[in-house]
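Asker: Here it is, the structure, as structure tokens.
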Amino acid sequence: MASVGLQFQASAGDADPQSRPLLLLGQLHHLHRVPWSHVRGKLQPRVTEELWQAALSTLNPNPTDSCPLYLNYATVAALPSRVSRHNSPSAAHFVTRLVRTCLPPGTHRCIVMACERSDVFASACALARAFPLFTHRSGASRRTEKKTVTVEFFLVGQDNGPVEVSTLQCLTNTTDSVRLAARIVDTPCNEMNTDTFLEEIKKVGKELGITPTVIRDEELKTRGFGGIYGVGKAALHPPALAVLSHTPDGATQTIAWVGKGIVYDTGGLSIKGKTTMPGMKRDCGGAAAILGAFRAAIKQGFKDNLHAVFCLAENAVGPNATRPDDIHLLYSGKTVEINNTDAEGRLVLADGVSYACKDLGADIILDMATLTGAQGIATGKYHAAVLTNSAEWEAACVKCGRKCGDLVHPLVYCPELHFSEFTSAVADMKNSVADRDNSPSSCAGLFIASHIGFDWPGVWVHLDIAAPVHAGERATGFGVALLLALFGRASEDPLLNLVSPLGCEADAEEGDVERDSKRRRLV
């Protein structure tokens, strides 16, 4: 494992950059507001005030730019000066890129981030993505030194006071959870099988004082979880439904987060090709994000009932594998004819959301999944796709993505036009669409929703994170920040309240949204 500790401090202190390399980062107009007196102790004796000012004057971000201040020991880097309306004002993706490319090497390093208070949360999560935990490079195993990166925020703008201890703790818990989710997604299935994923869930449960509920293997079959069991029954390591439940006194509503945890997806008997199968270790990205977000949410004082439901299976090929034409009875009581074993994520999630509705009594059900390759075509590499029965929550997800850096864009929600894609002559539905050119990402989400019912009065939110769960060959931990920010009003933490779009009067500016009281109960 890579050994880099990420520390957030109100003041990183002074040090010669030759002994502690330094990266100064921010939008150019923010960097100009950093007084020399604030950075002098971090740059002297190697950098003078004149050199600092000269470096700032040479920066011309398009979209980014950087300038070395002293050899490779000190660098200043500028983020884009402006972003479009579908991007985060924090320019979070560029934060990650600049840290990866511009942070000087060293055992103990420092980052000074100049930004507004409203961008601290997104910027911290973006910084965390630059320091993945998982590696099996042989050289890393021989290194024994503990590397550290200390992060200090210099706040500009109206609310530019010092960063509070509570904020630093929130950033630590959140970024630790982002890196936890990324580590799980980066770990290959010969290590991160369903047994190992259950151990990760138990570790988080032990840390929080919660014992998980686990339904596994043949018990899934006997209790009616035909989706999870059918997908995972051919694998060496059996499938499981696992639940972490937080039920504090005084809770006024029940929220369930349901995660797709396919630890590897061969496609089953509808097997993937040699170019599309590599990378399928990432198919547990939804469950990994929910585990990380649940950990941080409880640590930050979540006030309502919160259940994290993990649908774990390996979609393997073998004598016991589900065949096309097989019919499974799911936990909802509905029957599904299998016409594509590679459309497995919706099957496990259908059982998960049904359990959240029937057994947990959830008012709000959110499922998160690396569900469809079509998501990357529909909303791109950086924006997750949201599909929901609530216009208000759709707008909140988009707004939340801009606040936290985990970007989101809506899919078409129109079951009366799209759900007919699953028509079956012999069962309640098929599991894959008849026409792959008819909004397949929307249809896949609708399949999940159908197992709680399109007339269900609660809030259902589906987040397809197939593309943003990774950047190149590295996991991003996408989804942790999004969940924490989206449900920030159910937390006692001031920073999460700041980045949460729900419950603000400003919601009215999102347009004509639903005002149903039950769908606003989060606040």
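Asker: Tell me which of Q53, F302, V34 sits at the most positive position along the dipole axis of the chain, charges placed on C-beta atoms (Lys, Arg +1; Asp, Glu -1).
Answerer: Q53
Asker: Using +1 on the beta carbon of Lys and Arg, -1 on that of Asp and Glu, and nothing else charged, what's the dipole of region 148-274 about the Cα centre, debye to 20?
Answerer: The calculated dipole for region 148-274 is roughly 620 debye.
Asker: Taking the Cα centre of region 188-499 as origin, sum charge times position over the Cβ atoms of Lys and Arg (+1) and Asp and Glu (-1), and report the length of that vector in debye to the nearest 20.
Answerer: In total the dipole reaches around 620 debye.
Asker: Could you tell me how many degrees, from 0 to 90 and to the nearest 10, lie between the Cα long axis of helix 440-449 and the main elongation axis, the longest principal axis, of the Cα atoms of the chain?
Answerer: 70
Asker: Right, here's the next one. Treating only the Cβ atoms of Lys and Arg (+1) and Asp and Glu (-1) as charged, compute the dipole magnitude of the chain about its Cα centre; round to the nearest 20 debye.
Answerer: Here the size comes out at about 1580 debye.
Asker: Also, quick follow-up: For the chain, what is the Kirkwood estimate of the hydrodynamic radius, computed as the reciprocal of the mean inverse distance between distinct Cα atoms, to one decimal in Å?
Answerer: Roughly 23.6 Å, rounded to one decimal.
Asker: For the charge dipole of the chain, defined by +1 on Lys and Arg C-beta atoms and -1 on Asp and Glu C-beta atoms about the Cα centroid, which residue among V120, Y229, G380 has the Cα displaced farthest towards the positive pole?
Answerer: The residue sitting farthest along the positive end of the dipole is V120.
Asker: With every protein chain kept in place and ligands, DNA and RNA left out, what is the accessible area per residue of region 188-499? Probe 1.4 Å, answer in Å².
Answerer: Normalised by residue count, the accessible surface of region 188-499 is 34 Å².
Asker: List the pairs from K42/K147; K274/K334; K203/K358; K299/K381; K334/K399 whose alpha-carbon separation is above 29 Å, in the order I gave them.
Answerer: K274/K334; K299/K381; K334/K399
Asker: In addition: Add -39500 (n - 2.57) for each DSSP H run of 4 or more in the chain, then divide by its residues: what number comes out at 222 nm, to the nearest 500 deg cm²/dmol?
Answerer: Only helices count here, giving -9500 deg cm²/dmol.
Asker: Taking every pair of distinct Cα atoms and averaging 1/r, then inverting, what Kirkwood hydrodynamic radius in Å comes out for region 188-499?
Answerer: 19.0
Asker: So what is the accessible area of region 56-155 per residue, in Å², with the probe set to 1.4 Å?
Answerer: Accessible surface, normalised per residue, equals 44 Å².
Asker: Related question: Give the residue from V499, G161, G286 lying farthest towards the positive end of the charge dipole for the chain; charges sit on Cβ (+1 for Lys and Arg, -1 for Asp and Glu) and the dipole is referred to the Cα centre.
Answerer: Checking the options against the dipole of the chain, the answer is G161.
Asker: Please list, in order along region 299-313, the HN-Hα scalar couplings obtained from phi with the Karplus expression 6.51 cos²θ - 1.76 cosθ + 1.60 (θ = phi - 60°), rounded to whole Hz, x for Gly and Pro.
Answerer: For region 299-313, the Karplus curve yields 4, 9, x, 5, 8, 10, 5, 9, 10, 9, 10, 10, 9, 10, 6 Hz.
Asker: Could you rank the peptides 92-103, 25-36, 390-401, 315-326 by their average count of other C-beta atoms within 10 Å per residue, with the highest value first?
Answerer: Result, highest mean first: 390-401, 92-103, 25-36, 315-326.
Asker: Relative contact order of the chain: what whole-number percent is it, with Cα pairs under 8 angstrom and at least 6 residues apart?
Answerer: 15
Asker: Whenever you get a sec, compute what percent of the accessible area on the chain sits on carbon and sulfur atoms (1.4 Å probe).
Answerer: 49
Asker: Separate question: Per-residue counts of other Cβ atoms within 10 Å, averaged by peptide: what ranking do you get for 360-366, 301-307, 244-250, 411-417, highest first?
Answerer: Descending packing order for the listed peptides: 360-366, 301-307, 411-417, 244-250.
Asker: Based on the Kirkwood radius over alpha-carbon pairs, what is the Stokes-Einstein translational diffusion coefficient of region 26-106 at 4 °C with 1.567 mPa s viscosity, in µm²/s?
Answerer: The estimated diffusion coefficient comes to 97 µm²/s.
The values are calculated or read from the model by the stated rules, or taken from the named source; none is laboratory data. Since we're looking at a predicted model, the values are computed, not measured. All Cβ positions, even for glycine, are placed from backbone atoms using ideal geometry, and neighbour counts span all protein chains on display. These area figures cover heavy atoms from the full protein model, side chains too; ligands, DNA and RNA do not enter into them. Shrake-Rupley method; radii C 1.70, N 1.55, O 1.52, S 1.80 Å.
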